[in-house]
Amino acid sequence: MRRRAGLAALLVAVVAGVTGCGLGAGGDIGGVTLIVTSDFGSASLPGSPAGVDAPGGETVMRSLQRHFKVTSRYGGGFVQSIDGEAGGTQGGRPVDWFYYVNGIEAPRGSASTGLHRGDVVWWDRHDWGATQRIPAVVGAFPEPFLHGSGGTRFPVRLECSASAGAVCQTVQQKLGDAGVIAGEAAFGSRGGEALLRVVVGPWNEVRSDFAVRLLARGPAASGVYARPSADGRSLAVLDPRGRTVRTLGAGTGLIAATVTQSQPPVWIVTGTDGAGVARAARSLTAAVLHDRFAVALTASGPVALPQVTP
């Protein structure tokens, strides 16, 4: 969901949502999951996550209002506060509520976004000073692999670098354990439009990919609060302001997601070396990824990205 810079577009979407454009009554949608957190998933609001049996015609906004106390602005489509936690400024920094459906940043206001069976809706209140846009997150895994976006599943394709053969099979197995069937293609294959791609391999082998290389430019470009070094042998862990707070070396893995243009997300399973990629592949589970925007994997355990200081 676009923030300040895209406010005009958001207002158009709000008007459409308030008038009910395209969202009529119908049969029950069924089960969806509602998650509400703050500070990049580091703290959950009471009552979250919630399993929701959504009625026909339900929108993201109405679902939120049914289960939490919500205040809004701009005709009811822009969330200002949830259970008293409001947007605005905190410590001189801009904070607001953002939402993701199946791990993908929503392109429209919540009043005009309809729900579909199996959707995972995640609201998070966080500092957006380092970037106004985080296009995809990993914390709703196994979404968006299972239910895609807008009720339509994406075909999934694994693209593995030359040295990542065995690790690629681990990723394939982890996806299969989650009920996802993925095709395979050589790294650098063309014809990736409308595919949910999973790129696997050490950073120095996969950084030529047009989506993967966004990580080297920091969160303003990729939405990921980690920056691999030029040689790929270390990974800078960033805080919500985009500042380096620690550097991780050999054996470090990374699981992150980003989006280019209007394509489905690209998931990136990489690392500083083969050991790091293997560690990331083994960590491709809901237990490790839940409520995390991206995650670095070390011998001491997972590191949530960005790193939030209490």
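Annotations
- Qualifying residue in the range 95-110 (condition: surrounded by fewer than 15 Cβ atoms within 10 Å (Cβ to Cβ) and part of a strand (DSSP E or B)): no
- Selection within the range 62-79 - farther than 25 Å from Arg292 by Cβ and touching a helix residue (DSSP H, G or I) at 6+ places or on another chain (Cβ under 7 Å): Tyr74, Gly75, Gly76, Gly77, Phe78
- Within the range 268-310, the set of residues being surrounded by fewer than 19 Cβ atoms within 10 Å (Cβ to Cβ), of a type outside the set (Gly, Ala, Ser) and part of a strand (DSSP E or B) comprises Thr298, Pro302.
- Evaluation of Gly201 against (1) under 18 Å from Pro265 (Cβ atoms); (2) open to solvent by 10 Å² or more (accessible area, probe 1.4 Å) (one fails), failing number: (2)
- Single match in Gly92, Gly41 (criterion: of a type outside the set (Ser, Thr, Tyr), open to solvent by less than 30 Å² (accessible area, probe 1.4 Å) and under 29 Å from Pro310 (Cβ atoms)): Gly41
- Among residues of the range 47-73, those that are surrounded by fewer than 16 Cβ atoms within 10 Å (Cβ to Cβ) and part of a loop (DSSP other than H, G, I, E, B), counted: 3
- Checking every residue in the range 237-260 against the condition of being assigned to a loop (DSSP other than H, G, I, E, B), under 18 Å from Ser283 (Cα atoms) and within 21 Å of the chain's Cα centre (by Cα) gives at least one match.
- Yes/no for Glu143 being touching a strand residue (DSSP E or B) at 6+ places or on another chain (Cβ under 7 Å), open to solvent by less than 30 Å² (accessible area, probe 1.4 Å), touching a residue at least 24 places away in the same chain (Cβ under 8 Å) and of a type in the set (D, E, K, R): yes
The values are calculated or read from the model by the stated rules, or taken from the named source; none is laboratory data. Just so you know, these numbers come straight off a predicted model, no measurement behind them. We place every Cβ from the backbone using ideal geometry, glycine too, and count neighbours over all the protein chains shown. Just so you know, the surface numbers come from the protein's heavy atoms only, side chains and all, with ligands and any DNA or RNA stripped out. Shrake-Rupley method; radii C 1.70, N 1.55, O 1.52, S 1.80 Å.
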